[in-house]
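Novice: Please see the structure below; I have some questions.
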Amino acid sequence: MISPLIGPGDGHTWPAEIDVRHLRLLDAIASAGSIAKAATALGLSQPALSGQLHRVERALEWTVFERDRHGLRPTALGEVLLNHARRVLAAADDLELAIRRFHSAPSEELLRIGALPTVLAETLSGVVAAVTPGRPVELLAVTSRAELFSALLDGTVELALYVDHPGHEIVPPEGVHLLPVGTEPVLVVVSPGHPVAGRGEVSLAELDGSVWLTTSGEDDEFHAHLTDQCARAGLGAITVRKLDPAMSRQTVGHEPRAVTPVRSLDSGSTIPGPVVALRGVPLRTRHLLLWRDGSSIDVPAVRSGLMHAITEPAAIRHRLPEWAAANPGWLGT
């Protein structure tokens, strides 16, 4: 129950008791914009839904919706109530899911694993479930090294799939173990007007004078790897701009010297320009499995399952299939 609510200005307290069921009704009305449409979506009659709305408004001593020429819209109180209601409903849905999972496997311990979002991560849950039959598996997002180590050490996850880069390899803390899965080349997307556009492969040195774009979610270790490799190629200090993915795609399309790194396996994201391979593959991403002491997971079997699961999709999803055929031996080729 959610009770009480404080009235505006005068300190008045409404003796309102609103349960999750009422919040779902209010949310459905707000989403539909009319009683009739909301009643249809909820499988109720229109009079029944109207009656429940009136009971809620009487308890609140305030109107939640008002009518205009477009239909029903929330009042000022309605906006406040709905804003909180949606958070409560999301939490209630999470709780319901957790209870269902518990009842579906009451005698088995939930196995939590973590992953940085990559093409390999798409197959991780299925592979781990196959290796540990009978245990329900939950996949959590892990987006930084600090979060990775914390989740493993405090037992939030037993196993994680993450990445590192040459010169900036992960050194696991005590109590955490590491097994490499494989290394994936990093390619670049260039602006359609870039001097190297249309060429299948170039050296890193040929990108001298480019404006490098990385997404705001990219890990800091890759940024350091990129600047190290550019310095080795004689480019000196490079300009790197961190942008959100949408802005990065837009900038590549319009900035003639723009270059943005991408992993070789297509994640389904929009590519705003030609994809070019880097001769000698100076930029690389290593995929890793990490697990904590005491884990019962057969990690070598998970690694084997990952490689088997990715082989066929990788042949289809490589951004430069001709380059991959001419350069075998990399992850997924």
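Novice: Is one or more of the residues making up the stretch 213-228 free of Cβ contacts under 8 Å to residues at least 40 places away in the same chain and open to solvent by less than 40 Å² (accessible area, probe 1.4 Å)?
Specialist: For the stretch 213-228, residues free of Cβ contacts under 8 Å to residues at least 40 places away in the same chain and open to solvent by less than 40 Å² (accessible area, probe 1.4 Å): absent.
Novice: Output the number of residues of the stretch 104-129 satisfying the condition of being in contact with a Gly (Cβ under 6 Å, 6 or more places away or on another chain) and at pLDDT 90 or above. Lay out the reasoning, then the answer.
Specialist: The initial filter retains those residues of the stretch 104-129 that are in contact with a Gly (Cβ under 6 Å, 6 or more places away or on another chain), namely 108, 127.
In the following step, the residues that additionally are at pLDDT 90 or above were identified as 127.
Number satisfying all stated conditions: 1.
Novice: So which helices (runs of 4 or more DSSP H) are wholly in the stretch 1-75 and hold at least 1 residues that are closer than 19 Å to Arg87 by Cβ, open to solvent by 30 Å² or more (accessible area, probe 1.4 Å) and modelled with pLDDT under 85? Talk me through it step by step, then tell me what you get.
Specialist: Working: elements: 20-32, 35-42, 46-60.
Fully inside the stretch 1-75 and qualifying: 20-32.
Novice: Is one or more of the residues making up the stretch 255-267 modelled with pLDDT under 90, in contact with a Lys or Arg (Cβ under 6 Å, 6 or more places away or on another chain), over 30 Å from Gly155 (Cα atoms) and open to solvent by 30 Å² or more (accessible area, probe 1.4 Å)?
Specialist: There is at least one residue in the stretch 255-267 that is modelled with pLDDT under 90, in contact with a Lys or Arg (Cβ under 6 Å, 6 or more places away or on another chain), over 30 Å from Gly155 (Cα atoms) and open to solvent by 30 Å² or more (accessible area, probe 1.4 Å).
Novice: Mind checking which residues of the stretch 105-127 are over 21 Å from Ile170 (Cα atoms), open to solvent by less than 20 Å² (accessible area, probe 1.4 Å) and either among the basic types (Lys, Arg) or in a helix (DSSP H, G or I) (or both)?
Specialist: Hit for the stretch 105-127 is Val127, nothing else.
Novice: Scan (1) in contact (Cβ under 8 Å) with a residue 60 or more places away in the chain; (2) farther than 18 Å from Trp291 by Cβ; (3) hydrophobic (A, V, I, L, M, F, W, C); (4) surrounded by 17 or more Cβ atoms within 10 Å (Cβ to Cβ) for the single condition Ala197 breaks and write down its number.
Specialist: Condition (4) is where Ala197 drops out.
Novice: Next question. Looking at the structure I just gave you, is Val181 touching a residue at least 60 places away in the same chain (Cβ under 8 Å) and in contact with a Pro (Cβ under 9 Å, 6 or more places away or on another chain)? Can you show your working first?
Specialist: Working: touching a residue at least 60 places away in the same chain (Cβ under 8 Å): yes; in contact with a Pro (Cβ under 9 Å, 6 or more places away or on another chain): no.
For Val181, the condition - touching a residue at least 60 places away in the same chain (Cβ under 8 Å) and in contact with a Pro (Cβ under 9 Å, 6 or more places away or on another chain) - is not met.
Novice: Of the numbered conditions (1) modelled with pLDDT under 85; (2) open to solvent by less than 10 Å² (accessible area, probe 1.4 Å), Thr311 satisfies every one except a single condition; which is it?
Specialist: (2)
Novice: I'd like to check something: does the stretch 283-293 contain any residue that is at pLDDT 80 or above and in a loop (DSSP other than H, G, I, E, B)? Full working, then the answer.
Specialist: First, the residues of the stretch 283-293 that are at pLDDT 80 or above: 283-293.
If we keep only those that are in a loop (DSSP other than H, G, I, E, B) as well, we get 283, 293.
Yes, the conditions are met somewhere in the stretch 283-293.
Novice: Counting just the residues of the stretch 128-158 that are among the β-branched types (Val, Ile, Thr) and open to solvent by 30 Å² or more (accessible area, probe 1.4 Å), which one comes out nearest to Val302 (Cα to Cα)? Steps first, answer last, please.
Specialist: First, pick out the residues of the stretch 128-158 that are among the β-branched types (Val, Ile, Thr): 128, 131-132, 137, 142-143, 156-157.
With the extra rule that they be open to solvent by 30 Å² or more (accessible area, probe 1.4 Å), the set shrinks to 131, 137, 143, 156.
Details: Val131: 7, Val137: 13, Thr143: 21, Thr156: 19 Å.
Of everything passing the filter in the stretch 128-158, Val131 is nearest to Val302 (Cα to Cα).
Novice: Now, a different point. Can you tell me which of (1) of a type outside the set (Ser, Thr, Tyr); (2) open to solvent by 70 Å² or more (accessible area, probe 1.4 Å); (3) at pLDDT 90 or above is the one Val302 doesn't meet?
Specialist: (2)
Novice: Pairs, please: C-beta under 8 Å, at least 6 apart or cross-chain, first residue farther than 18 Å from Leu152 by Cβ and without any contact (Cβ under 8 Å) to a residue 40 or more places away in the chain and in the stretch 127-139, second open to solvent by 40 Å² or more (accessible area, probe 1.4 Å) and polar (S, T, N, Q)?
Specialist: Pro136/Ser104
Novice: Mind checking which residues of the stretch 225-270 are in contact with a strand residue (DSSP E or B) (Cβ under 6 Å, 6 or more places away or on another chain) and either assigned to a helix (DSSP H, G or I) or at positive phi (or both)?
Specialist: Once the filter is applied, which keeps residues that are in contact with a strand residue (DSSP E or B) (Cβ under 6 Å, 6 or more places away or on another chain) and either assigned to a helix (DSSP H, G or I) or at positive phi (or both), the stretch 225-270 yields His225, Pro245, Ser248, Thr251, Val252.
Novice: I'd like the full set of residues that are at pLDDT below 90 and out of contact with any Lys or Arg (no Cβ under 9 Å at 6 or more places or on another chain), limited to the stretch 200-216.
Specialist: Gly200
Novice: What number of residues within the stretch 159-180 satisfy the criterion of being in a loop (DSSP other than H, G, I, E, B) and surrounded by 20 or more Cβ atoms within 10 Å (Cβ to Cβ)? Break it down into steps so the answer makes sense when it comes.
Specialist: The first filter runs over the stretch 159-180 and keeps only residues in a loop (DSSP other than H, G, I, E, B), leaving 166-167, 169-175.
Subsequent filtering for residues that are surrounded by 20 or more Cβ atoms within 10 Å (Cβ to Cβ) retains none.
Of the residues in the stretch 159-180, 0 are in a loop (DSSP other than H, G, I, E, B) and surrounded by 20 or more Cβ atoms within 10 Å (Cβ to Cβ).
The values are calculated or read from the model by the stated rules, or taken from the named source; none is laboratory data. Computed from a predicted model, the values in this text were never measured in an experiment. Note that we place each Cβ from the backbone using ideal geometry, even for glycine, and neighbour counts take in every protein chain shown. Only protein heavy atoms, including side chains, enter the accessible area calculation; ligands, DNA and RNA are left aside. Shrake-Rupley method; radii C 1.70, N 1.55, O 1.52, S 1.80 Å.
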